[in-house]
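Colleague: Below: one structure in structure tokens.
Derivation of every value follows stated rules applied to the coordinates shown; laboratory data play no part. Remember, predicted model here, so these are calculated numbers, not experimental data. A quick note on method: Cβ atoms are made from the backbone with ideal geometry, for glycine too, and the neighbour counts reach across all protein chains shown.
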Amino acid sequence: MRLADRFDCFLIDLDGVVYVGESPTEGAVETINLLKKSGKIVIFLTNDPRKTAAEYSEKLGEMGIVVTPGDVVTSGMAIAYHIRNSYPDIGNKSAYVVGSSSLKDEIRLTGLEVVSGEDARRADFVIVGGHPEFHYEEMKLATLAIRGGAEFFATNRDPAYPSPEGLIPATGAMLASIETACGRKAVVAGKPELIMFEVALAEHLHRDREKFAIIGDRLDADVQGGRNAGIAAILALSGSTSEDDLEQSGIKPDYVIRDLRDLFKDAPDALSKDA
């Protein structure tokens, strides 16, 4: 039996699975479109908070993958969802956001006022998401606000992500500097935390969890996230994780594939199972 036939819904990570940088991984476009043509539910999950769902859907569309913004869940969306549900009365409160303009837009949708400069020192919330312009001043302002009593959140803890240059620093690396400086740990929404899966699966709670699978390239985020959510975990060796990494890790996926093309090959040739 082909692996694609075992499941009705696939949660698919982006970086390292669908693409690396601006280039799709081998066979990703054709495989994803075939999954959708076969009637499978395909939801894209990304811990990368730098873009909105609309921006990611546009990027995928330019690669030739048929997708709408409703098919994409970002860690920025997940943290905004969590804040809205945990703090129903946040009118007149402010947030200092260490992150991209897209993440700031997500946080504004919660009703929080996004502040900067001296106002950031007195912010009620601090939300951290990785971005390439991360600066010491941001670390300082976030630390002062948190030490002053601000609620502390982050999109994810991924230490690095795959790029054409190799693995480069991600949100987790920047978050670690702020956590070290303020002496507190952030509440995180992205994979492997359940918050991300609650958002992704909100419209599919009536379905059998045994028919869901997550496909990702990270053991600590994607595979462990699948374990936490009670769904099957498929590791793709097209991004951050090598066979040596898998062998040395205590986190084991249900299935291992070389890349997305293996979903439509006969199981014995396409994957190994390590329950």
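Colleague: Describe numerically, in nm with one decimal, the distance between label points set 7 Å from Cα along Cα→Cβ at Met63 and at Leu34.
Modeller: Placing both labels 7 Å beyond Cα along the Cβ direction yields 1.7 nm.
Colleague: Under a plain spin-label model, where a point goes 7 Å from the Cα along Cα-to-Cβ, how far apart in nm are Lys140 and Lys265?
Modeller: Result for the modelled spin labels: 5.4 nm.
Colleague: Which of Gln224, Val188, Phe125 sits closest to the plus end of the dipole of the chain, meaning its Cα is farthest towards the positive end, when Lys and Arg get +1 and Asp and Glu get -1 on the C-beta?
Modeller: The residue sitting farthest along the positive end of the dipole is Phe125.
Colleague: Mean-square fluctuation check for the chain, GNM, Cα pairs under 10 Å: which of Asp89, Asp13, Asp217 is largest?
Modeller: Its mean-square fluctuation being the largest, the pick is Asp89.
Colleague: Residue by residue through the stretch 114-122, which ³J(HN,Hα) values in whole Hz follow from phi under the Karplus form 6.51 cos²θ - 1.76 cosθ + 1.60 (θ = phi - 60°), with glycine and proline marked x?
Modeller: 8, 10, 8, x, 4, 5, 5, 4, 10
Colleague: Highest first, please rank the peptides 71-82, 56-67, 93-104 by the mean number of other Cβ atoms sitting within 10 Å of their residues.
Modeller: Peptide ranking by packing, descending: 71-82, 93-104, 56-67.
Colleague: Rank by packing, highest mean first: peptides 127-134, 143-150, with packing defined as the count of other Cβ atoms within 10 Å averaged across residues. Write down the numbers at each step before the final one.
Modeller: Details: 127-134: 22.1, 143-150: 18.5.
Highest mean packing first, the order is 127-134, 143-150.
Colleague: Using +1 on the beta carbon of Lys and Arg, -1 on that of Asp and Glu, and nothing else charged, what's the dipole of the chain about the Cα centre, debye to 20?
Modeller: Working: 30 positive and 44 negative charges, 139 e Å.
Roughly 660 debye for the chain.
Colleague: Determine, for each peptide in 246-259, 199-212, the mean count of other beta carbons within 10 angstrom over its residues, then list the peptides with the highest first. List each step's numbers first, then the result.
Modeller: On the way: 246-259: 17.0, 199-212: 14.1.
Result, highest mean first: 246-259, 199-212.
Colleague: Using 0.36 nm per residue, how much length does the chain from Asp244 to Asp89 gain when fully extended, once their Cα-Cα distance is taken away?
Modeller: Values: separation 155, 0.36 × 155 = 55.80 nm, distance 4.84 nm.
Length difference between fully extended and current span is 51.0 nm.
Colleague: Roughly what would the spin-label model give for Lys185 and Met1, points 7 Å off Cα along C-beta, in nm?
Modeller: Label-label distance for Lys185 and Met1, simple model: 3.8 nm.
Colleague: Oh, and also: Could you give the size of the charge dipole of the stretch 138-224 about its Cα centre, using +1 on the Cβ of each K and R and -1 on the Cβ of each D and E, expressed in debye and rounded to the nearest 20?
Modeller: Working: 10 positive and 13 negative charges, 61 e Å.
In debye, rounded to 20, the stretch 138-224 gives about 300.
Colleague: Considering the dipole of the chain built from charges on the beta carbon (Lys and Arg +1, Asp and Glu -1) around the Cα centre, which of Ala236, Pro169, Tyr87 is farthest to its positive end?
Modeller: Tyr87
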